[in-house]
Amino acid sequence: MDGNVETIVRGATALIFDCDGTLLKTPDLYAAAWQSAFAKAGHEMDLDWYHQRAGMSEHVLLDAFEAEKGITLDRVRAVRDLRHFILAHVGSVEEIPTIAAIARASFGHKPMAVASGGSHEIVHATLQASGLLPLFETVVTIDDVAKAKPAPDLFLEAANRLKAAPSSCLVFEDSPQGIEAARAAGMRCVDVTSLV
């Protein structure tokens, strides 16, 4: 672990990790899944378009796609197709070693949570497939809160479940909206893109 990060981790009461793009290498899987779901609805999605929006919750991304294309999708079907694709390929999910190592090193020493804009079904499945799920006391998903990142709801709920003051929590995030959400929650945040 980087010495500076180790010092920051030591000073935190609790650790909160984003999932996709932070703990797990899932952006390419999500990109392929969205591309497949949109294709089934008769629309093309450019991979670069997705990667500029990686980390957005399902309905936030659907809002952006519909607005850009000037269309209205069958959202229930699109989300079902997306999740079916991901679950069918969940065995391909790999951890991001640098960040997973921080979680493993902190296991048993600090309370830890995952706070993800993904659905409960997908987040639990990918964490289970990667073997990381047992490290965390709780997993908060978009199904548990009213607002997606950049609102602070996910991180505040994670802190509440860990019984930790928001100001004493340290967040690990990879997306601009996640970093904004952590700051809005009054938490320190490590931009993991600077570590991997």
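The values are calculated or read from the model by the stated rules, or taken from the named source; none is laboratory data. Please read all numbers here as calculations on a predicted model, not as lab measurements. Cβ placement follows ideal geometry from the backbone for every residue including glycine, while neighbour counts extend to all protein chains displayed. Quick note on the areas: whole protein, heavy atoms, side chains included, nothing else; ligands and nucleic acids left out. Shrake-Rupley method; radii C 1.70, N 1.55, O 1.52, S 1.80 Å.
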Cα-centred dipole magnitude for region 57-140, charges only on beta-carbon of K, R (+1) and D, E (-1), debye, nearest 20
180
Degrees separating the helix 58-69 axis from the principal Cα axis of the chain, which is the longest one:
40
Mind listing which trypsin sites (Lys or Arg not before Pro) in region 93-195 are in a DSSP loop and have 16 or fewer other Cβ atoms within 10 Å?
K147, K163
Taking the Cα centre of region 13-64 as origin and charging only Cβ (+1 Lys, Arg; -1 Asp, Glu), how large is the dipole, in debye to the nearest 20?
120
By DSSP, what percent of the beta bridges with both residues in the chain are antiparallel, rounded to the nearest 5?
5
Report, to the nearest 10°, how far helix 153-162 tilts away from the longest principal axis of the Cα atoms in the chain, using its own Cα long axis and a range of 0 to 90°.
40
Counting only residues 5 or more places away or on other chains, whose amide H sits under 5 Å from the amide H of I16 once H atoms are built in the peptide plane?
A113, L170, V171, F172
Under-25-angstrom lysine pairs by C-alpha in the chain, whenever the two are 8 or more apart or on separate chains
11
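Can you figure out the FRET efficiency of A184 with K40, using R₀ = 25 Å and their beta-carbon distance, to the nearest 0.05? Write down the numbers at each step before the final one.
Working: r = 35 Å, r/R0 = 1.42.
Taking R0 as 25 Å, the efficiency between A184 and K40 is 0.10.
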Could you give the accessible area per residue of region 80-179, probe 1.4 Å, as a whole number in Å²?
42
Enter the angle in degrees (range 0 to 90, nearest 10) between the Cα long axis of helix 120-130 and the first principal axis of the Cα atoms of the chain, meaning the one along which they spread out most.
60
